[in-house]
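Trainee: If you scroll down you'll find the structure; I have some questions about it.
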Amino acid sequence: MLALGLALLLTATEAPERDAHAEPPVRAAPSMRKAHAPREPDTTPCLPLDARGEPYPICFDPGDGLVLGTGLRVRDGTGATSLRAGVHLRTGRTSRSKGTPWFNSHRLLGLDAWGGARRGLTFTAYDATLRRHLEEGFILVPTARPLRLPFPFDVTLAPRLGHLERRVWEGPGWTLETGRVGLLLDPIRSETEHVWLGVGPVASHTLRRSRDGAEHTVSPFTTLMLDAGLESGDGLWALRASGLAGWSLGLDNGTFFRARAEAGLERVLLAVADQPVVLQLSGAYAHRDAGLARRSEWTASAGLAVRAFSARW
Amino acid sequence: MLVPAVALGCALLLAQTEGEEARVADVLPVLRVEPAEPPVIQPPASPLPRQDWYAPKVCLRLPPTKEVPSGQWRAQCDAKARRCLVAPRYERDAEGQETERPLERVRACTEEFHTPDAALLKTYRLEPAVAEAPPGWYRDERGRVMQFNFDLNRRLWLGGAWAPLWREGDAAGRMRADFGIAVEIPGEGRRLHRLRFIETELYLGDLAGFDSTLMRYDFSVERKEPLFRVTTFFGKPRRYDIDINLGLWMEVLHAEELERGATEAGFLTWGAVHATLDLWHSKDLVSYVRVRAGPSVERDYKNGFTTLVPGAVLEGDLTLDRDGFHHLRLGVEAEKVLLAQRVEGRPLRPERLRVSAGYEFILLAINDQPLSLVVDGRGAWREDLANVPARWEWSAAAGLRYSLWAPARRSAPKAPDVGE
């Protein structure tokens, strides 16, 4: 309902007049290949013309936009309403030092809050995947005449900064992952930002503050991370899966194994004033990694969200 | 003579306008030379010659060959020798067959129709060559380009190492994770600014701890004028120039936490400012051996008081080879903690001594990002840990470091110098 409300609010804001004969503005961050391709005419499949001859978008970028949504979440059999918000930004750039393209997805100020008897929230200041693409990956062996061995992977840097979890029902305290950085290899090496599969080690530091005091845990590249995504060319469908498994070392209380898996599906249902309303379905399982007590739990959620400013013009 | 002269004048006038070069050829038919025979590409020499990064290139269309069916070549010509070094415009596969992938990191070549004497060039001796590569990069015979020169003073690094520590004859197994960001910026004149951000070493296992600095800055300078002059008047007056390259070193928010047995210690340096004196530095200022000294303000947050810590350091950071593959780092450091409150089990004004030597060597590069081997040895003698007798403790570390960014060094040579 909140999502629909926002969509209607956006409808109330008059869309700028567009000249049917004017060229559509260039999208801010297309894939690198598209960025260098000649601009397509108004009749592009993503911008059909309405009865008055005005273009309207039917393609969207799941990695772009201002997201605000609400839904229902079930955790270990207990249901609750939830609210999601965040800023997604997808950019492409060519490295100045290496001359190769980067596909970057940034997610800022992500908030996920839920009510009910087990209310709480998570907040992530910054989360990103930065993938450097090479048409022909290689390993250089610095012999007198440099030797080039095939290395069929793109390399992805996956940083996350400031991930806070607060569960009111667990009592006073919070869990803060101050920083996490993953170094992932992507065997798919897609030339677009719509497909990726990164697997690799992760280093992180987490601080748990409870009534018993503070507890520091680190994972010095002893955790394996998976991050995969598949999006349709028109951005109407988006599938994302991620996983994390490995050992963390408590500075005071030894080593423990933890794992986490999450999958989500998004489908654009309709667009109001060119702003897409998205159905979001997701499921997650955490093994000794949830909350202050590092409990195991599963979660399923369904909701609607408005992803404003994600239309591809 | 008059007509060609007028035509040449017109051509030169037209050539003033950007994008009009094509017309030059139109008005200069006299310069068009049609080769009597189709151009012939000579058999390849071994090793293949290399085009010069800085020399201009012409995009020539030559008769298709089995290996280069598109007939598209880049030519670097020498009119005096009537010779062109030609390289295909597209990369080749393992069999030498042209692919659809254009050459990466080449300079733009002038299209044939913008080159009035293109036909003349085709009458030159055409010798197969490897296309040019930018300084610090190498292009193989298939036309694929790769970086072979790395600036490890401009990078973001992530690393891990096995770093055991020996104290009083006992060895403690530890792992070390390290990361940080290094930036080097040449300043005006002969000056080089160095910055380090979140340079962190995290020790895990027995005797765990960490050492992290939010920001560190320093610069080296090569002054044109001597700092001061000494003139002597014994006999004939003589003047002696004293060149002293003084600089600055500072750090902000440096935290160190460690445990030894039952003792836990934590120190947070709010800020430190040292004056530096380069005993030696390389021509490009990148490598140096220097001394530095100055005060820092430190918080002993386990014992709850703030101290003043003067220190002096002799240190060196040397890049040993032209391509940035070998790095040697050395350091000897002494500190004295002043204005401390009395803590049971340690002196009122404790001292610290540290020595270190490390070597980093690039093993290989993955997608132009270097992976290096790091080995180092360190020793420390400190009195600032309560109830821990002051003893020398030694650690050795061996591990790997993966660096992002790491562009070619500013002094990188051109590709033909590879292996020389």
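The values are calculated or read from the model by the stated rules, or taken from the named source; none is laboratory data. From a predicted model like this one, the values you see are computed outputs, not experimental measurements. When we count neighbours, we look across all protein chains shown, and the Cβ atoms used for this are built from the backbone with ideal geometry, even at glycine. Each accessible area value is taken on the protein alone, full model and side chains, heavy atoms only, with ligands, DNA and RNA left out. Shrake-Rupley method; radii C 1.70, N 1.55, O 1.52, S 1.80 Å.
Trainee: Filter region A:122-157 down to residues that are more than 12 Å from every other protein chain (Cβ to nearest Cβ) and not β-branched (Val, Ile, Thr), then give me how many there are.
Mentor: Going through region A:122-157 one residue at a time, the tally reaches 5.
Trainee: Regarding A:Thr91, is this residue away from chain B (no Cβ under 14 Å), within 27 Å of A:Thr192 (Cα to Cα) and among the β-branched types (Val, Ile, Thr)? Lay out the reasoning, then the answer.
Mentor: Working: away from chain B (no Cβ under 14 Å): yes; within 27 Å of A:Thr192 (Cα to Cα): yes; among the β-branched types (Val, Ile, Thr): yes.
Against the criterion (away from chain B (no Cβ under 14 Å), within 27 Å of A:Thr192 (Cα to Cα) and among the β-branched types (Val, Ile, Thr)), A:Thr91 qualifies.
Trainee: Given the criteria at pLDDT below 90, under 17 Å from A:Ala238 (Cβ atoms), away from chain B (no Cβ under 14 Å) and surrounded by 15 or more Cβ atoms within 10 Å (Cβ to Cβ), does A:Cys59 qualify?
Mentor: Against the criterion (at pLDDT below 90, under 17 Å from A:Ala238 (Cβ atoms), away from chain B (no Cβ under 14 Å) and surrounded by 15 or more Cβ atoms within 10 Å (Cβ to Cβ)), A:Cys59 does not qualify.
Trainee: Could you tell me which residue of region B:253-283 is nearest to B:Asp384 (Cα to Cα), considering only residues that are free of Cβ contacts under 8 Å to residues at least 40 places away in the same chain and not in a strand (DSSP E or B)?
Mentor: This residue is B:Ser282.
Trainee: Say whether the condition of being among the hydrophobic types (A, V, I, L, M, F, W, C), open to solvent by less than 20 Å² (accessible area, probe 1.4 Å), within 33 Å of the chain's Cα centre (by Cα) and at the interface with another protein chain (Cβ under 10 Å from one of its Cβ atoms) is met by at least one residue in region B:373-382.
Mentor: No, region B:373-382 contains no residue that is among the hydrophobic types (A, V, I, L, M, F, W, C), open to solvent by less than 20 Å² (accessible area, probe 1.4 Å), within 33 Å of the chain's Cα centre (by Cα) and at the interface with another protein chain (Cβ under 10 Å from one of its Cβ atoms).
Trainee: Based on what the data block shows, is B:Val286 open to solvent by 20 Å² or more (accessible area, probe 1.4 Å), in the same structural domain as B:Phe219 (by TED's automatic domain parsing) and either over 25 Å from B:Leu207 (Cβ atoms) or part of a loop (DSSP other than H, G, I, E, B) (or both)? Full working, then the answer.
Mentor: Values: open to solvent by 20 Å² or more (accessible area, probe 1.4 Å): no; in the same structural domain as B:Phe219 (by TED's automatic domain parsing): yes; either over 25 Å from B:Leu207 (Cβ atoms) or part of a loop (DSSP other than H, G, I, E, B) (or both): yes.
Criteria not met by B:Val286.
Trainee: What is the number of the single condition among (1) open to solvent by 20 Å² or more (accessible area, probe 1.4 Å); (2) charged (D, E, K, R); (3) within 14 Å of chain B (Cβ to nearest Cβ) that A:Arg119 does not meet?
Mentor: A:Arg119 satisfies every listed condition except (3).
Trainee: Quick check on my filter: what residues within region B:223-245 are assigned to a strand (DSSP E or B), open to solvent by 70 Å² or more (accessible area, probe 1.4 Å) and not basic (Lys, Arg)?
Mentor: B:Phe228, B:Tyr240, B:Asp241
Trainee: Also: For region A:74-107, enumerate the residues that are of a type in the set (D, E, K, R), under 28 Å from A:Ala290 (Cα atoms) and touching a Gly at 6+ places or on another chain (Cβ under 7 Å).
Mentor: Residues satisfying the conditions are A:Arg84, A:Arg107.
Trainee: Same structure again: So in region A:191-210, with the set limited to residues that are closer than 20 Å to A:Leu239 by Cβ and modelled with pLDDT of 95 or more, which one is surrounded by the fewest Cβ atoms within 10 Å (Cβ to Cβ)?
Mentor: Per the criteria, the residue is A:Val195.
Trainee: In addition: For region B:342-362, indicate whether the set of residues that are within 14 Å of chain A (Cβ to nearest Cβ) and either among the basic types (Lys, Arg) or open to solvent by 40 Å² or more (accessible area, probe 1.4 Å) (or both) is non-empty.
Mentor: The answer is yes, given that some residue of region B:342-362 is within 14 Å of chain A (Cβ to nearest Cβ) and either among the basic types (Lys, Arg) or open to solvent by 40 Å² or more (accessible area, probe 1.4 Å) (or both).
Trainee: State whether the residues of region B:212-219 include one that is within 14 Å of chain A (Cβ to nearest Cβ) and either more than 19 Å from the chain's Cα centre (by Cα) or among the hydrophobic types (A, V, I, L, M, F, W, C) (or both).
Mentor: Yes, region B:212-219 has at least one match.
Trainee: Which of the strands (runs of 3 or more DSSP E) contained wholly in region A:200-307 include at least 3 residues that are under 25 Å from A:Leu68 (Cβ atoms) and touching a Ser or Thr at 6+ places or on another chain (Cβ under 7 Å)?
Mentor: Details: elements: A:213-231, A:237-250, A:254-272, A:275-290.
Those strands (runs of 3 or more DSSP E) span A:254-272, A:275-290.
Trainee: Taking the conditions exactly as written (open to solvent by less than 10 Å² (accessible area, probe 1.4 Å) and more than 25 Å from A:Asn104 (Cα to Cα)), does A:Val218 satisfy them or not?
Mentor: For A:Val218, the condition - open to solvent by less than 10 Å² (accessible area, probe 1.4 Å) and more than 25 Å from A:Asn104 (Cα to Cα) - is met.
Trainee: Any residue in region A:65-83 that's free of Cβ contacts under 8 Å to residues at least 60 places away in the same chain: show its pairings with residues that are open to solvent by 50 Å² or more (accessible area, probe 1.4 Å) and in a strand (DSSP E or B) at Cβ separation under 7 Å, as long as the two are six or more apart or on different chains.
Mentor: Sorted first by the residue in region A:65-83, then by its partner, the pairs are A:Gly79/A:Leu72; A:Thr81/A:Leu72.
Trainee: Just one of the numbered conditions (1) buried (at least 20 other Cβ atoms within 10 Å of the Cβ); (2) of a type in the set (A, V, I, L, M); (3) in a loop (DSSP other than H, G, I, E, B) is not true of B:Ala386; which one?
Mentor: Condition (1) is where B:Ala386 drops out.
Trainee: In region A:275-302, what count of residues is obtained for those that are closer than 22 Å to A:Glu165 by Cα and either acidic (Asp, Glu) or open to solvent by less than 10 Å² (accessible area, probe 1.4 Å) (or both)?
Mentor: 5
Trainee: Tell me which of these A:Ala113 doesn't satisfy, since it passes every other one: (1) within 14 Å of chain B (Cβ to nearest Cβ); (2) among the hydrophobic types (A, V, I, L, M, F, W, C); (3) surrounded by 14 or more Cβ atoms within 10 Å (Cβ to Cβ).
Mentor: Of everything listed in (1) within 14 Å of chain B (Cβ to nearest Cβ); (2) among the hydrophobic types (A, V, I, L, M, F, W, C); (3) surrounded by 14 or more Cβ atoms within 10 Å (Cβ to Cβ), A:Ala113 misses just condition (1).
Trainee: Does any residue of region A:136-143 turn out to be open to solvent by 20 Å² or more (accessible area, probe 1.4 Å) and of a type in the set (S, T, N, Q)?
Mentor: So the first thing to find is which residues in region A:136-143 are open to solvent by 20 Å² or more (accessible area, probe 1.4 Å), and the list is A:136, A:139, A:141-143.
Adding the requirement that they be of a type in the set (S, T, N, Q) leaves A:143.
Scanning region A:136-143, I find at least one residue that is open to solvent by 20 Å² or more (accessible area, probe 1.4 Å) and of a type in the set (S, T, N, Q), so the answer is yes.
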